[in-house]
1. What helices (runs of 4 or more DSSP H) completely inside segment 88-190 contain at least 1 residues that are within 13 Å of the ligand (Cβ to nearest atom), acidic (D, E) and modelled with pLDDT of 90 or more?
2. Filter segment 206-263 down to residues that are of a type in the set (F, W, Y) and either touching a strand residue (DSSP E or B) at 6+ places or on another chain (Cβ under 7 Å) or more than 12 Å from the ligand (Cβ to nearest atom) (or both), then give me how many there are.
3. Before we move on, is R238 within 17 Å of P81 (Cβ to Cβ), touching a residue at least 40 places away in the same chain (Cβ under 8 Å) and of a type in the set (K, R)?
4. Only one residue in G307, G245 is out of contact with any helix residue (DSSP H, G or I) (no Cβ under 7 Å at 6 or more places or on another chain), small (G, A, S) and surrounded by 15 or more Cβ atoms within 10 Å (Cβ to Cβ). Which one?
5. In a strand (DSSP E or B) and of a type in the set (A, V, I, L, M) - does that describe any residue in segment 273-288?
6. Among the listed residues G19, G37, identify the single one that is modelled with pLDDT of 95 or more and closer than 17 Å to K88 by Cα.
7. Pick out, from segment 2-67, the helices (runs of 4 or more DSSP H) lying fully within it that include 3 or more residues that are among the charged types (D, E, K, R) and touching a helix residue (DSSP H, G or I) at 6+ places or on another chain (Cβ under 6 Å).
8. Specify which of the listed residues (R273, R314) is of a type in the set (K, R), touching a Lys or Arg at 6+ places or on another chain (Cβ under 6 Å) and crowded, with 18+ Cβ neighbours inside 10 Å.
Amino acid sequence: MANDRYSRQELFSPIGLEGQRKIRDKHVLIIGAGALGTSNAEQLARAGIGRLTIVDRDYVEWSNLQRQQLFTETDAEKRMPKAVAAEKRLKEVNTDVFYHSCIMDVQREELEELIQEVDVLIDATDNFDTRMLINDVCQKHQVPWIYGGCAGSHGMSYTIVPGKTPCLHCLMGQVPLGGATCDTVGVISPAVQMTAAHQVAEALKLLVDDVKALYKKLIIFDMWKHSYTGIAVQHAKREDCPSCGSKADYPFMQQANQTKSAVLCGRDTVQIRPPRKMERDFNKLKESLPETEIEENPFLLSFKREGYRFVFFRDGRVLIHGTKDITAARRLYYKIVG
Ligand SMILES: [Zn+2]
């Protein structure tokens, strides 16, 4: 490794040589490898983070390439899982980083396993169900996390430090936390990059223990209208908050709140999770299928039936494209797996 690799970052006095050493020793977990996730991941890999864990449940599609910076046309052609494609590219960016990529849908059990020995978690998800789960798990395990969301030309970000700041649950209903998604109003890359820039800047402050420098406000901006606002939210911290109050019972970690089937972020797609952990045997599945046109890579198997596209993952999950109707999707699913 060239000695001056991080020289410009080390010259930046709030980081310095000591900060660089701290960054080297730290572990960041990124939930989601879409637009925000890939931007965060690349910046952190270049900054010399010690360990980077990237989790995503989806695969690369052509509509991702406009803004998801780690992916190529080949990844879209081969329907590569995003976590795998991201890791492959990141290894070309910085070989010093220890990468761990996971193709999975994050629920309570998975997240509680992943969060061990994590210094900072970055939210790069596209839905509030997962964010509220992240919020509860981070409060329980006392891990700071950085919320980020964007759609259209606007974005927002907020850093949550357990015991110090209000949590996302405290903020619900107090401040506007979006609602539009990139699948309904689209999204331009500058909004993604700005959101990720805020997240990475806050992550670096946490990684070098410069807690005083954290922004402490909810940032909301619009790249098309040139508006930029910081909303003070410290007063929103609730002593009786079920997620961060003194009697917290982490409601979003309760079994009842876990979704087995879900419509994916405004898309014409339903995800079905098997009722328990399993590994799908692709050979056995193929034998049971009458379809002759089956696409396959080491991570997923895909085919079309009755106008729907089915994508089976090794962890047992299935994505059914072409419907938002969970009941109809489940019926189709059971016709295949019995
Ligand atoms: Zn709270």
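The values are calculated or read from the model by the stated rules, or taken from the named source; none is laboratory data. All values derive from a computational prediction rather than experimental measurement. Cβ sites come from the backbone with ideal geometry, for glycine too, and all protein chains shown count toward neighbours.
1. Those helices (runs of 4 or more DSSP H) span 128-141.
2. Result for segment 206-263: 4.
3. When the stated conditions are applied, R238 does not pass them.
4. Only one candidate qualifies: G245.
5. no
6. G37
7. On the way: elements: 7-11, 16-24, 35-47.
Counting at least 3 such residues, we get no helices (runs of 4 or more DSSP H) at all.
8. Working: R314 fails: crowded, with 18+ Cβ neighbours inside 10 Å.
One residue alone meets the criteria, R273.
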